[in-house]
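Every number here is computed from the coordinates shown, using simple stated rules; none is lab data. What you are looking at is a predicted structure, and each value in this text was computed from that prediction instead of being measured. When we count neighbours, we look across all protein chains shown, and the Cβ atoms used for this are built from the backbone with ideal geometry, even at glycine.
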Amino acid sequence: MIYKTAVTIGFFDGVHLGHRFLLQQLEDLTEAKGLTPVAVTFDQHPRTVVQKDFVPSLLTTQEEKLALLSEHFNGKVVVLPFTEELSTLTAREFMQTILRDKLNAKLLLMGYNHKFGHGGGTHEQFFAWGKETDIEVIVAKALEGEKVSSSRIRNLITTGDIKCANTMLGYQYFLTGKVTEGKQIGRKIGFPTANLSLPKEKLLPACGAYTVWVRLPDGTKHGGMLCIGHRPTIETNGEISIEVHIFDFNGDLYETSISIDFIEKIRNEEHFDSLEELQKQLTLDAATAKEIIIHSA
């Protein structure tokens, strides 16, 4: 790599508004200094290596994250394998062996609350290590207003506050999965559903019913309502299922991949005494969802 770079580092889960504010600052700095902007990220969450029993629940899979970075960042993205060896590097060693020697970095833009390297360090120490490695270290400005972070967004999603999470993400939270065969109970009561199988690391919203957009393989987008839960009316101690009813759609989606964009939560998961009671509630849910879709289109 012969070009000189300006680098920022992060896992960038969700590529939310805070990440994009940081990346925009990097682009602005590189334009002024004639450097190539580079975002350094990792192939897996660092805690999966540092903490062996850690099971990530991520806003974006690796593929989704890279697609969002490509959409929102006009620079190069470097994905580093996060290994045990990498996890033992101090910040200074990382700056020297990775940023300077491999990426030819002349500038490091650090998130205002982000540190890296085994043992961490203060901003003053990073400035000093920058002088030793010939890398200018700049601390980024924070996004004004309410604090935006991946952990805050995860918490909002797991408690069902999708609207607030979407505001911080800058887009509608989405799931992408393969349609699998279900028990077809919905079809019997007039609400056929597509059952989704998702990557195990993808974070699920709180159990309940949601208004959603459904993006199909042919590129079309349909309104719908989605239920996440244990299906208490049908099963006892059932596993979590993700079922979406697509408005005005009749086709066969088995084994295809579809994406769900979450608009708003309608209600919590409930137990009903009969399928007839469930059908009545789904009819109300559908009316609510269609009204929400009209105002969100």
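Worth a mention:
- Size of electric dipole in the stretch 5-139: Cβ of Lys, Arg +1 and of Asp, Glu -1, about Cα centre, debye, nearest 20: 160
- Straightening the chain between Lys178 and Asn268 buys 29.9 nm, computed as 0.36 nm per residue apart minus the Cα-Cα spacing.
- Label separation (Leu80 vs Glu124): 2.6 nm, computed from points 7 Å beyond Cα along the C-beta direction.
- Annotation for the stretch 1-103: trypsin sites (Lys or Arg not before Pro) lying in DSSP loop with at most 16 further Cβ atoms inside 10 Å of their Cβ are Lys4, Lys52, Lys102.
- In the chain, a dipole from Cβ-located charges (positive for Lys and Arg, negative for Asp and Glu) runs towards its positive end, and of Thr180, Ile242, Leu103 it is Leu103 whose Cα lies farthest in that direction.
- Note: the stretch 5-139, Cα convex hull, 100 Å³ per residue.
- Qualifying GluC sites (Glu not before Pro) in the stretch 240-296, where qualification requires a DSSP coil assignment and no more than 13 other C-beta atoms within 10 Å, comprise Glu255.
- Among Val40, Val79, Val55, the order by Cβ neighbours within 10 angstrom, fewest to most, reads Val55, Val79, Val40.
- Rounded to the nearest Hz, the phi-derived 3J(HN,Hα) couplings of the stretch 241-254 under the Karplus curve 6.51 cos²θ - 1.76 cosθ + 1.60 (θ = phi - 60°) are 10, 10, 10, 10, 9, 9, 5, 6, 9, 10, x, 9, 10, 3, where x marks glycine and proline.
- For the pair the stretch 2-46 and the stretch 78-101, the centres of their Cα atoms are 16 angstrom apart.
- Chymotrypsin sites (Phe, Trp or Tyr not before Pro) within the stretch 133-205: DSSP coil, no more than 16 neighbouring Cβ in 10 Å: Tyr171
- Karplus-derived 3J(HN,Hα), 6.51/-1.76/1.60, for each residue of the stretch 157-164, Hz, glycine and proline x: 5, 6, 9, x, 8, 5, 4, 5
- If R0 equals 25 Å, the separation of the Cβ atoms of Thr90 and Lys33 corresponds to a calculated FRET efficiency of about 0.40.
- Cα coordinate range in the stretch 173-296, projected on the principal axes (Å, largest first): 39, 33, 26
- Around the Cα centre of the stretch 173-296, unit charges on the Cβ atoms of Lys, Arg, Asp and Glu (plus for the first two, minus for the last two) sum to a dipole of about 200 debye.
- DSSP-defined antiparallel bridges as percent of all bridges, the chain, nearest 5: 65
- Evaluating kT/(6 pi eta Rh) at 37 °C and 0.692 mPa s, with the Kirkwood radius of the chain over Cα pairs in the Stokes-Einstein relation, gives 154 µm² s⁻¹.
- Size of charge dipole - the chain - debye, nearest 20, with Cβ of Lys, Arg +1 and Asp, Glu -1, no other charges: 560
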